[in-house]
Amino acid sequence: MPSIDTIFAGVDPTSSRKAFTYAALDQELNLVALADGELEDVSLFLSGYASVTVAVNAPAGVNRGLVHEKMKKSMTAAHQIRGAEMRLSEYQLREHGISVTGTPGKAGLSPAWMQVGFGLYRKLAEMGYKKFPDANAAHVYIETHPHACFSMLAGCLPQAKPSLEGRLQRQLLLYERGVRIKDPMDFFEEITRYKMTQGKWPMDLLYPPEHLDALAAAYTAWLAVNKPDEILMIGDAKEGKMVLPGRELKEKY
């Protein structure tokens with residue numbers, strides 16, 4: 001049995017190694033877990049704690065035509081057909097310059113990673129998880145989006161996440177927020193001329209992109225519980241609201 005009772009977890013369904021990457025923080029933002037696994041691994045890990053708030057980097061449901069209805073009032077029929085395959089939360093992010101994948105109206109038409117995410121939400125519901133916010137529930141799930149999270153934390157669109165610059169930026173954004181992970185600035189202290197000529201970069205000091213996405217979700221879960229005045233919920237409850245780490249979206253990113 002774990003020595004702590006409460007964790008704040010983040011789960012990303014786009015891992016290149018396993019179905020999921022998951023991270024967990026404790027109340028003091030210490031890193032409790034950071035791993036890749038299948039659905040059974042994630043559910044087993046989460047079941048070991050008395051209180052869990054888990055943020056998932058995937059849509060909680062399909063779009064219900066809310067954007068289509070909105071577009072009817074302002075766009076041509078051609079634009080309606082082309083641009084309505086998204087949920088309201090995704091539409092709102094795009095309005096502010098944050099490009100995200102739109103969610104189709106049917107689960108079967110969704111990309112594989114979204115369908116994996118739908119499966120995780122079903123599993124969480126079977127485990128008794130309730131939708132955020134629910135003050136009386138010990139196990140709560142929220143939906144978030146890593147690209148939107150890092151955009152809000154940075155105040156601008158982040159560098160490409162597979163790049164060295166993008167990984168350093170994302171890790172530093174989390175570290176500066178108090179998440180107790182490796183200090184990315186140590187990367188530069190380990191670089192010498194000799195190591196550079198030999199191609200020996202200290203990449204072990206930086207987390208893979210999927211791990212950083214999971215950590216961003218875990219931090220958002222922590223923020224939602226501990227500093228609810230510092231989060232933003234966008235979208236509509238009919239489709240699933242998205243929780244982001246910031247009070248408001250900038251006019252343009």
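Considering the stretch 25-44, and only residues there that are loosely packed, with under 15 Cβ neighbours inside 10 Å and of a type outside the set (A, V, I, L, M), the residue that is farthest from Val11 (Cα to Cα) turns out to be Glu28.
Being at pLDDT 95 or above, out of contact with any Asp or Glu (no Cβ under 6 Å at 6 or more places or on another chain), surrounded by fewer than 16 Cβ atoms within 10 Å (Cβ to Cβ) and farther than 23 Å from Thr103 by Cβ: is that true of Asn226 here? Yes; evaluated as a whole, the condition is true for this residue.
Cβ separations smaller than 7 Å between residues 6+ apart or across chains give the following pairs from the stretch 131-154 residues that are touching a residue at least 12 places away in the same chain (Cβ under 8 Å) and farther than 18 Å from Val100 by Cα to residues that are hydrophobic (A, V, I, L, M, F, W, C) and outside any loop (DSSP other than H, G, I, E, B): Phe132/Val140; Phe132/Ile142; Phe132/Ala224; Phe132/Val243; His139/Val52; Tyr141/Val54; Tyr141/Val56; Tyr141/Leu124. Might you let me know whether the stretch 192-208 holds any residue that is under 19 Å from the mean Cα position of the chain (by Cα), surrounded by fewer than 19 Cβ atoms within 10 Å (Cβ to Cβ) and closer than 29 Å to Pro59 by Cβ? Within the stretch 192-208, one or more residues are under 19 Å from the mean Cα position of the chain (by Cα), surrounded by fewer than 19 Cβ atoms within 10 Å (Cβ to Cβ) and closer than 29 Å to Pro59 by Cβ. Candidates in the stretch 87-129 are the residues that are part of a loop (DSSP other than H, G, I, E, B) and of a type in the set (Val, Ile, Thr); of these, the one that is surrounded by the most Cβ atoms within 10 Å (Cβ to Cβ) is Thr103. If the condition is being in a helix (DSSP H, G or I) and aromatic (Phe, Trp, Tyr), then the stretch 152-209 contributes Tyr175, Phe187, Phe188, Tyr194.
The values are calculated or read from the model by the stated rules, or taken from the named source; none is laboratory data. Everything numeric in this text was worked out from a predicted model, so none of it was measured. Heads up, the Cβs are rebuilt from the backbone with ideal geometry, glycines too, and the neighbour counts pull from every protein chain shown.
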